[in-house]
Amino acid sequence: MVRSISWAAGWRGLARRTLALASVLGALPSLAAAQVRAPLTPEQIAAAGRRSTVTIVSLDAAGDTVSQGSGVILRADGVIATNWHVMQGASSARIKFANGEVIDRVLFLDGDSLADIALLRVAGLNLPAARTTSEVPAVGARVLAIGAPLGLSQTVSDGLLSAVRLVDGKTIIQTTAAISPGSSGGPVFDLQGRVFAIAMSTIGEGQSLNFATPIRYGLALLPLGTTPKPLASVFVGGAAPVGATQTAAPSKSARPAEGAGLLPLPAKAERPDTSIAGTYVVRHQVLRSSGPSTPRTGLLVLDPKGNGWFMTDRNDEGTGMRIYGAITTRTGRVGFKLSGSEVVGYQTDDGFVSIFELDRAKADTVRMVNTWVDLSLKQPDGLYDVSGRLSYWPERNRRSDSSPGTWWGTAAAVATTDSLWITVYLTNESGGSTRVDAETKRDADGSFAWTDPETGDAMRGRISAGAIEIDWVDARDKGTSFRGRLVGKRR
C-alpha cells in the first residue's frame, strides 16, 4: 500500500535558434517573444486536464475491489498511466472516463515498480490524451492535481511544488496540492497544462505532505514496444522488478517441488477477518532454484492502519524491515509493502501467509507463515494503544501558551536486546493525524531516544513490562511543534 520525451526542450532549442537569427537580422525579437507560451489559468488547466483523467478500480479474482485510484491518458490509442500500487493484487480492472464511459478490458503494457508507475492498455481511438513533459517545475511553482479522492472523480486541487527529493535512487516530487486515498495515479500539471508527474502518496493528513512520481519514468517506456499482457500475470503472485515485461518469467521446472523441504503452507481461512492488525510469529524461508533454505523464525507487528515492522530473526542479530500499506479483502486476500517490495498472500485460520519474489530471474521467492501470538510482558515487542495531551508550541524554544489537545493511536514495535524499531500513528480530536517510523538504540532497561535530524521530530521514552511512555515532539513548519507525553499499554 518508487525514460523521456521533452517537448519543453524542443521549445528551448527553437527559441535559441530564433534569437540567434534575430541578432543577425536585427528584426525578430518580438517574434521570439511570441514563441513563449503564456501560463494558463487554473480554470483552463482543469477543463482540459479533467478530460484526460480517469478513475480506476482494480479487482481480485473473485471480483472484489482491491483498490481504487486514478490515472491519466497518455496516448489517444489507449495508453493510460497510473501507480503500480493501485494495480497491485489486481486480476482485472474497470476504468471510468470523464464522459462516463466504462471499459473493463484492461491489459498491462509496461511499468516500473520502484518508480511506482504502471502503463495500462485499453482499446481506444481518439481518446483525449494529456500533454506531457519530462521537465519538473522549479520549487515554489504552482501546480494542479486531478484525481478521485475517496471515489470523488474529477476532483481538482492546487498547491505549490514544495521540494524535489531523491529516495532509493528515484526522484520524488513533494507538493502541497492535496492528494488523498483514491487520488493515487492522477495527473499533476504545470502552469502550461502539461502533466509532469502522477500523484503517489501522502503523509500526515492536514500537513500538506503530498508526493508524486515524475511522469518521465513512464514516458521512457513507451518506445520499447512491449506486448500487452493480462493484469493477473503481473500483479498477482508477487511484485515484478523494474522493466517487468522485459524479464523472462522463471521456469516452473526451476522451482523445487512441493514437499521437497518446503515450509508447509496452511489452508486459506473460510471466514476471513476484516483486519490483520496484531503480533505474529513468522516462519520464513527463501526458495531458490538450487533448493529451499532452512526456515527461520522472526516477528511481525502490524497496526490497524497497515503500518508496522518485520524483524527477521528473534535473536540479538535480528533486523527490522518496515511494513506499510497492509490491507485485506472480504475474500481474505492480503497485500502490503515490505521495505518497498510488494508482498501478497491470504488469511489462514490463525494468521496469514505472505509470499514475495527476491529475484524474478533467479526464481528466488520468500515464503512467510505468520501466526498470531500473545507474547510475555517481559518482551517489548507488540502493538500498544497510546494516548496523551499534546500542546502546540508556536516557536521552537518558546513554551506553549495554548491548551493541550488529546491525541491517541497505536505504537507498533519490534526489538532486539539493543535495538528498537517502532511506528507511532496518532490522531487528534480535530481530525488531524501524524505518523513516525523510527529505528533507534534501546538500553537494557528499555529506554530509548530518537531524533530525526531533518524534521526535528523526536521520541524519548521507555518500553517494558507491557507499558510504553514517550516524550513526543512532532515538528511542523517554521519551528512550530506539538509536544507532550504519550502513555500506553500493550494489547
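The values are calculated or read from the model by the stated rules, or taken from the named source; none is laboratory data. Bear in mind that the values here come from a model prediction, so they are computed numbers and not experimental data. As a convention, Cβ positions derive from the backbone with ideal geometry for all residues, glycine included, and neighbour counts pool all protein chains shown.
Side notes on the structure shown:
- Subset of segment 80-116 (residues that are assigned to a loop (DSSP other than H, G, I, E, B) and polar (S, T, N, Q)): Asn83, Gln88, Ser91, Asn99, Ser113
- Total residues in segment 306-344 satisfying the condition of being under 21 Å from Gln68 (Cβ atoms) and small (Gly, Ala, Ser): the figure is 5.
- Exclusive hit being of a type outside the set (S, T, N, Q), farther than 27 Å from Ala90 by Cβ, at pLDDT below 90 and surrounded by fewer than 16 Cβ atoms within 10 Å (Cβ to Cβ), set Gly291, Gly243: Gly291
- For segment 387-394, the criterion of a residue being of a type in the set (A, V, I, L, M), at pLDDT below 90 and within 22 Å of the chain's Cα centre (by Cα) is satisfied by no position.
- Boolean, Leu119 is in a strand (DSSP E or B) and under 30 Å from Glu342 (Cα atoms): yes
- Flag if Ala467 is outside the structural domain of Gly278 (by TED's automatic domain parsing), on the phi < 0 side of the Ramachandran plot and surrounded by 20 or more Cβ atoms within 10 Å (Cβ to Cβ): no
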